[in-house]
1. Identify which of A114, A31, A271 has the largest mean-square fluctuation in a Gaussian network model of the chain, with springs joining Cα atoms closer than 10 Å.
2. Quote the Stokes-Einstein diffusion coefficient, in whole µm² s⁻¹, for region 121-262, based on the Kirkwood radius over alpha carbon pairs, a temperature of 4 °C and a viscosity of 1.567 mPa s.
3. Considering the Cα positions of the chain, please state its Rg to one decimal place and its Dmax as a whole number of Å.
4. Could you list the GluC sites (Glu not before Pro) in region 184-289 that lie in coil according to DSSP, counting only those with at most 12 other Cβ atoms within 10 Å of their Cβ?
5. What whole-number distance in Å separates the alpha-carbon centres of region 212-253 and region 6-60?
6. Calculate how large, on average over all directions, the projected area of the Cα convex hull of region 2-126 is; give the answer in nm² to one decimal.
7. S15: net charge of surrounding residues, Cβ under 11 Å, Lys/Arg +1, Asp/Glu -1, itself excluded?
8. Hey, how much of the P(r) for region 183-289 falls beyond 25 Å, as a percent of Cα pairs?
Amino acid sequence: MAQSYSLDSKHRMLSGYDIPVLGYGVYQTPADVTEDVTLHAFKTGYRHVDSARVYRNEGPCAEAIKKSGLPRSEIFFTTKIPPRSMGYEQAKASIESSFKQTGLDYIDLYLIHAPYGGKEGRTGAWRALVEAQQAGKIRSLGVSNYGVHHLNELESFIKELEEKNGKGKGGEISIGQWELHPWLARPDIVKWCKERGVICEAYCPIVRGQRFEEPIMQQLVKKFGKTPAQILLRWSLQSGFVPLPKSVTPSRIEENANIYDFELGAEDIKALTTDEYSPCAWDPTTSND
Ligand SMILES: NC(=O)c1ccc[n+]([C@@H]2O[C@H](COP(=O)([O-])OP(=O)(O)OC[C@H]3O[C@@H](n4cnc5c(N)ncnc54)[C@H](OP(=O)(O)O)[C@@H]3O)[C@@H](O)[C@H]2O)c1
């Protein structure tokens with residue numbers, strides 16, 4: 001089954017829309033190069049861009065979408081509500097700003113970036129997302145960096161909204177985005193998502209290059225004749241995740257998409273996966289805000 005992945009592969013989300021299984025991340029990509037590198041990603045075959053309001057490059061991502069010559073329907077664009085814009089009014093303003101910045105007619109996926117702002121902040125932001133989804137502005141909704149306790153809180157809130165407003169009127173968690181790789185496999189969160197059909201996106205899928213020298217990586221590099229980044233992206237894909245590698249380097253953008261001509265065996269995945277809990281980025285999942 002894993003072998004059947006290609007650059008065109010997609011997963012169907014609970015919203016009913018499809019998401020390309022490989023995304024292109026633009027965190028820390030300076031605004032003045034974003035358009036060019038994103039166009040290079042489209043030329044390479046990526047059809048999915050992961051931005052956020054706090055990355056300050058939604059506008060140039062949208063420019064690249066427009067200049068790519070590709071139909072809008074073939075490109076998947078994600079952005080996120082900033083941690084400092086939680087709560088209904090602020091989230092609503094954040095969503096409006098994204099449309100102003102991008103000039104897009106709709107946004108494919110809008111995530112809550114992190115579970116901050118207390119319960120009222122989180123549920124208020126979710127209400128703003130649901131409202132925009134019902135208005136046809138946003139197609140799919142999700143969260144990022146939520147711990148299981150935050151996910152449970154949101155699940156209860158969605159039920160409450162449905163009881164009040166009717167079936168399907170609470171929104172659905174189509175996507176969850178987390179730092180996920182062999183040194184942070186988050187089994188509790190992944191299990192929660194699998195049981196409900198929530199698709200997990202993997203950020204820092206190549207651990208920012210920090211684990212390339214691990215002995216197991218070197219063994220697999222030799223075995224498959226692929227680079228450490230490609231091995232890690234394959235681990236992500238074959239775990240059922242949607243990896244979001246970032247690069248501003250054209251050759252690496254291509255390298256990170258060249259992952260469909262080999263398959264890790266079950267024994268390779270087992271050898272690679274650890275029970276470490278070693279984030280390389282921030283970790284709001286443990287917040288009790
Ligand atoms: N929701 C969240 O809180 C959150 C947090 C972090 C990230 N994200 C998302 O996930 C994306 C990816 O995460 P990330 O950027 O933190 O980490 P990453 O993709 O694991 O690593 C990116 C780093 O690795 C380098 N790199 C890329 N491809 C390489 C290759 N083939 N060989 C060697 N080095 C390579 C890049 O350098 P160059 O660019 O210089 O080539 C960059 O320094 C972000 O862009 C963002 O969209 C989300």
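Read-outs: derived from the displayed coordinates by stated rules, not from any lab. Note that the structure is a prediction, hence the values are computed from the model and not measured. Cβ sites come from the backbone with ideal geometry, for glycine too, and all protein chains shown count toward neighbours.
1. A271
2. Details: Rh = 16.9 Å.
Translational diffusion coefficient: 77 µm²/s.
3. 18.3, 58
4. Working: sites: E195, E201, E213, E254, E255, E263, E267, E276; in loops: E213, E263, E276.
Of the GluC sites (Glu not before Pro), the ones in loops of region 184-289 whose Cβ has at most 12 other Cβ atoms within 10 Å are E213, E276.
5. A separation of 18 Å, based on Cα centres.
6. Details: hull surface 33.2 nm².
Averaging across all directions leaves 8.3 nm² for the Cα convex hull.
7. Values: positive: R12, R139; negative: D18, D108, E172.
Summing Lys/Arg as +1 and Asp/Glu as -1 gives -1.
8. Working: 1144 of 5671 pairs.
Counting every Cα pair in region 183-289, those more than 25 Å apart make up 20 percent.
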